[in-house]
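The values are calculated or read from the model by the stated rules, or taken from the named source; none is laboratory data. Keep in mind the model is a prediction, meaning the values are calculated, not measured. Note: ideal-geometry Cβ built from the backbone for every residue, glycine included; neighbour counts use all protein chains shown.
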Amino acid sequence: MTSSGSIAFQASGGQPAAGPHGVPPVINLRELSVRLGKRDILKSLTGSFSGRSIGLLGPNGAGKSTLINTLLGFYPPSGGSAEVLGLDIRRNSREIRALTGYMPENDAFVSKMSAVTFIRMMAELSGLPPGAALERAHEALFYVGLGEARYRKLGAYSLGMKQMAKLAQAIVHGPKLIILDEPTNGLDPPARQRMIRLIREMRASKEIHIVLCSHLLRDVEECCEEVLILKQGRIVHQSNLEEERRTNRRFLELEIWGDPGLLTGAIERLGCECALAPGNRLKVILAPEVEVRDVYRIAAEQDVRIRRLNFRRDTLEDIFLKAMETPQ
Amino acid sequence: MSVHKRSYRAYAGPLTAEWSRFLVLQRYARESMFRSRIQTSLFVLCFFYPVLSLAFVYLANNASFLTRFDIRAAGILRIDAQFFLTLTSVQNVLAFILTIFSGPGLISPDLANGALPLYFCRPFSRAEYILGKASCLAILLSWVTWVPELVLFAVQSSLAGFGWFKANLWMAGSIMLISWVWIAVLCLLSLALSAWVRWRLVAGALLLGVLFVGAGFGQAVNRILGTDYGYVFDIANLIATISCRLFGVATTLPISQTEAWSALLSICAACLLLLWRKVRAYEVVK
């Protein structure tokens with residue numbers, strides 16, 4: 001046995017590009033292109049992602065799964081390069097796969113094996129000794145909620161249980177990065193909630209990075225900090241959702257009864273930017289020291305009633321739709 | 001991660017050596033192989049002829065028995081190259097039958113259920129996967145081919161004396177060589193066919209078909225073209241040609257050693273190519 005218990009990020013061959021805190025980004029793409037047959041599937045993707053959870057969005061055929069498969073070394077890049085956890089995908093494919101857990105989109109199991117045997121085998125293939133593999137297989141199955149069904153054959157599992165078993169095999173060896181390809185596919189609402197809760201729990205543990213590939217905006221919105229939107233093999237948008245959420249909290253849209261001029265003047269005196277819109281509506285950008293309750297207070301002082309107050313927040317759906325309208 | 005805490009925990013323990021990971025696959029494949037009673041029974045039946053041969057060897061070396069029935073003079077009980085060639089041929093046929101039941105079940109379930117991405121997203125290569133699966137079958141076939149044959153050779157050597165052993169040591173080499181050639185052909189054929197059709201039953205039938213249809217096709221080629229080159233499609237004939245040469249027994253088979261070896265190597269290469277194309281995480285649709 002080799003003693004490589006603590007997994008090092010730096011591989012011998014790679015020269016990872018360090019992120020802002022000296023830690024290599026989770027995914028770093030440099031002009032990455034992939035050509036399968038005669039078709040260019042990914043076209044010069046460039047970007048760097050360091051978030052704890054990264055969402056990969058795009059319509060069907062945008063190249064999400066191809067990007068994942070390329071990062072895992074299943075498809076060779078036709079141009080450019082990419083790094084995962086600071087390791088080059090061409091030179092350090094095996095090391096990357098040692099640090100990664102993968103939950104594929106489609107059914108993937110051996111139907112005649114019991115769940116615990118299957119998960120144990122996967123753990124052993126990742127390098128865990130048989131004893132540790134068995135222990136972690138039980139733990140992983142309990143963790144995903146299949147503890148009571150762990151001795152049943154995988155072929156007899158429902159679709160939701162198979163999804164959970166796929167998640168269990170992806171985390172059984174304790175990877176540093178987990179790639180989830182459409183994890184909520186075919187799940188009923190309670191099962192979807194369970195899956196989302198597990199992903200959020202893993203993210204909160206701070207021991208693992210998550211790449212979530214989905215065409216369901218809600219899944220990505222609930223689980224991810226960063227988002228990458230692909231369209232026809234190109235990146236059309238990348239942003240940090242957390243930052244956008246924070247920024248959007250400073251935007252307000254008010255609909256009022258009363259004299260808007262009075263309220264506008266009072267709000268501007270607080271140092272906020274304010275614009276009057278038709279229909280007694282105001283758009284406000286709050287100054288850093290001003291809170292929403294200050295706006296309510298001033299409105300009361302000016303005898304203006306606020307009928308409606310919205311955070312003018314771009315939802316992920318807005319971001320996605322804008323990205324889809326972006327010309328290539 | 002722990003059962004009682006139910007929280008995610010990274011693994012920080014020791015890891016096994018990378019070169020040994022293919023043995024994991026071999027171990028699990030073997031366990032699933034012997035879960036079938038038919039396969040286990042067939043495996044046991046494969047030892048019937050070697051046990052019979054063991055009795056034969058004992059009798060052949062039992063002087064009082066031979067003298068009583070005056071058999072040595074008749075020359076019936078002779079332990080020579082022909083004896084070991086017959087033993088090898090019988091065991092090779094049994095190995096083929098065992099392969100029909102055991103071989104196709106190694107890869108086809110993984111392909112049918114889309115499990116290959118789960119293997120290859122780990123630090124585990126396609127070559128290791130094929131090696132792991134093939135080694136399971138190779139070990140199983142070894143138990144019914146060269147292992148009992150060499151045991152018989154050793155028993156005969158101990159009974160007949162060092163002189164016999166020294167004079168016939170080349171036969172041990174022949175046993176090993178022909179057995180491993182046959183094992184390699186069977187492993188590659190069964191894995192390639194099961195990877196191609198992805199259905200265990202069909203792969204088994206196809207394996208049977210390759211042997212018989214190949215022979216029939218070879219005969220048809222011979223008749224139509226008026227040649228002997230059709231025999232290169234007959235795997236049993238190819239093995240028989242090589243076996244006879246290795247055991248120094250005269251043969252009436254019309255193809256040469258070079259042709260037989262070339263044909264077998266071509267079959268193995270074609271199987272490897274097919275395996276390499278089919279055993280991958282995702283097939284590229286061009």
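Annotation note: Cβ proximity below 9 Å between a residue of region A:196-216 that is over 15 Å from A:Leu99 (Cα atoms) and away from chain B (no Cβ under 11 Å) and a residue that is in a helix (DSSP H, G or I) and of a type in the set (Gly, Ala, Ser) (sequence gap 6+ or interchain) occurs for A:Cys213/A:Ser65. Residues in region B:132-152 that are buried (at least 22 other Cβ atoms within 10 Å of the Cβ) and assigned to a helix (DSSP H, G or I): B:Gly132, B:Lys133, B:Ala134, B:Cys136, B:Leu137, B:Leu140, B:Leu141, B:Val144, B:Trp146, B:Glu149.
Looking at this structure, is A:Arg192 within 14 Å of another protein chain (Cβ to nearest Cβ) and part of a helix (DSSP H, G or I)? No: the conditions fail for A:Arg192.
Determine, yes or no, whether B:Pro123 is farther than 19 Å from B:Arg200 by Cβ, buried (at least 21 other Cβ atoms within 10 Å of the Cβ) and in contact (Cβ under 8 Å) with a residue 24 or more places away in the chain. So B:Pro123 passes the test. Within the set A:Gly271, A:Gly265, the sole residue that is at pLDDT 85 or above, more than 27 Å from A:Ile54 (Cα to Cα) and loosely packed, with under 12 Cβ neighbours inside 10 Å turns out to be A:Gly271. Taken over region A:37-58, the criterion of being farther than 19 Å from A:Leu241 by Cα and surrounded by fewer than 18 Cβ atoms within 10 Å (Cβ to Cβ) is satisfied by A:Gly37, A:Lys38, A:Arg39, A:Asp40, A:Ser44. Checking each residue in region A:122-136 for being crowded, with 22+ Cβ neighbours inside 10 Å and not charged (D, E, K, R) picks out A:Met122, A:Ala123, A:Leu125, A:Ser126, A:Gly127, A:Leu128, A:Ala133. For B:Gln91, the conditions (1) away from every other protein chain (no Cβ under 14 Å); (2) surrounded by fewer than 18 Cβ atoms within 10 Å (Cβ to Cβ); (3) at pLDDT 90 or above are fulfilled apart from (2).
Just so you know, in region B:218-242 the residues that are of a type in the set (A, V, I, L, M, F, W, C) and under 22 Å from B:Asn92 (Cα atoms) include one that is surrounded by the fewest Cβ atoms within 10 Å (Cβ to Cβ), and it is B:Ala236. When you scan region A:252-271, do you find a residue that is at positive phi, part of a loop (DSSP other than H, G, I, E, B) and without any contact (Cβ under 8 Å) to a residue 24 or more places away in the chain, even just one? Yes: one or more hits.
Scanning region B:14-54 for residues that are among the polar types (S, T, N, Q) and either more than 14 Å from chain A (Cβ to nearest Cβ) or free of Cβ contacts under 8 Å to residues at least 60 places away in the same chain (or both) yields a count of 5. In region B:161-181, the residues that are at positive phi never reach a residue that is of a type outside the set (Ser, Thr, Tyr) with C-beta atoms less than 9 angstrom apart, at least six apart or across chains.
Number of residues in region A:214-238 that are in contact with a strand residue (DSSP E or B) (Cβ under 6 Å, 6 or more places away or on another chain) and either surrounded by fewer than 16 Cβ atoms within 10 Å (Cβ to Cβ) or among the small types (Gly, Ala, Ser) (or both) equals 1. State whether one or more residues within region A:173-186 are over 25 Å from A:Leu125 (Cα atoms) and either surrounded by fewer than 19 Cβ atoms within 10 Å (Cβ to Cβ) or basic (Lys, Arg) (or both). Scanning region A:173-186, I find at least one residue that is over 25 Å from A:Leu125 (Cα atoms) and either surrounded by fewer than 19 Cβ atoms within 10 Å (Cβ to Cβ) or basic (Lys, Arg) (or both), so the answer is yes. Scanning region A:173-193 for residues that are in contact with a strand residue (DSSP E or B) (Cβ under 9 Å, 6 or more places away or on another chain), without any contact (Cβ under 8 Å) to a residue 40 or more places away in the chain and of a type in the set (D, E, K, R) turns up nothing. Check region B:251-271 and report whether any residue there is surrounded by 17 or more Cβ atoms within 10 Å (Cβ to Cβ) and either within 14 Å of chain A (Cβ to nearest Cβ) or of a type in the set (Ser, Thr, Tyr) (or both). No. Being within 14 Å of another protein chain (Cβ to nearest Cβ), buried (at least 23 other Cβ atoms within 10 Å of the Cβ) and either of a type outside the set (A, V, I, L, M) or in a loop (DSSP other than H, G, I, E, B) (or both) is the requirement here; does A:Thr66 meet it? In short, no. If you go through region A:206-251 and pick out every residue that is of a type in the set (Gly, Ala, Ser) and at negative phi, you end up with 2. Scanning region A:191-248 for residues that are under 28 Å from A:Leu141 (Cβ atoms) and among the small types (Gly, Ala, Ser) turns up A:Ala191, A:Ala204, A:Ser205, A:Ser214. Taken together, B:Leu177, B:Leu188, B:Leu201 contain a single residue that is surrounded by 21 or more Cβ atoms within 10 Å (Cβ to Cβ) and out of contact with any Phe, Trp or Tyr (no Cβ under 7 Å at 6 or more places or on another chain), which is B:Leu188.
Only a single criterion out of (1) free of Cβ contacts under 8 Å to residues at least 60 places away in the same chain; (2) within 14 Å of chain A (Cβ to nearest Cβ); (3) of a type outside the set (Phe, Trp, Tyr) is not satisfied by B:Pro117, namely (1). Can you spot a residue in region B:278-285 that is in contact with a strand residue (DSSP E or B) (Cβ under 7 Å, 6 or more places away or on another chain) and of a type in the set (A, V, I, L, M, F, W, C)? Yes, region B:278-285 contains a residue that is in contact with a strand residue (DSSP E or B) (Cβ under 7 Å, 6 or more places away or on another chain) and of a type in the set (A, V, I, L, M, F, W, C).
Of the residues that sit in region A:69-113 and are buried (at least 21 other Cβ atoms within 10 Å of the Cβ) and small (Gly, Ala, Ser), which one is farthest from A:Ala123 (Cα to Cα)? Result: A:Ala82. Given the structure, is B:Tyr129 under 19 Å from the mean Cα position of the chain (by Cα), over 21 Å from B:Ala205 (Cβ atoms) and within 14 Å of chain A (Cβ to nearest Cβ)? For B:Tyr129, the condition - under 19 Å from the mean Cα position of the chain (by Cα), over 21 Å from B:Ala205 (Cβ atoms) and within 14 Å of chain A (Cβ to nearest Cβ) - is met. In the set (1) at pLDDT below 90; (2) within 24 Å of A:Gly58 (Cβ to Cβ), the condition left unmet by A:Ile229 is number (1).
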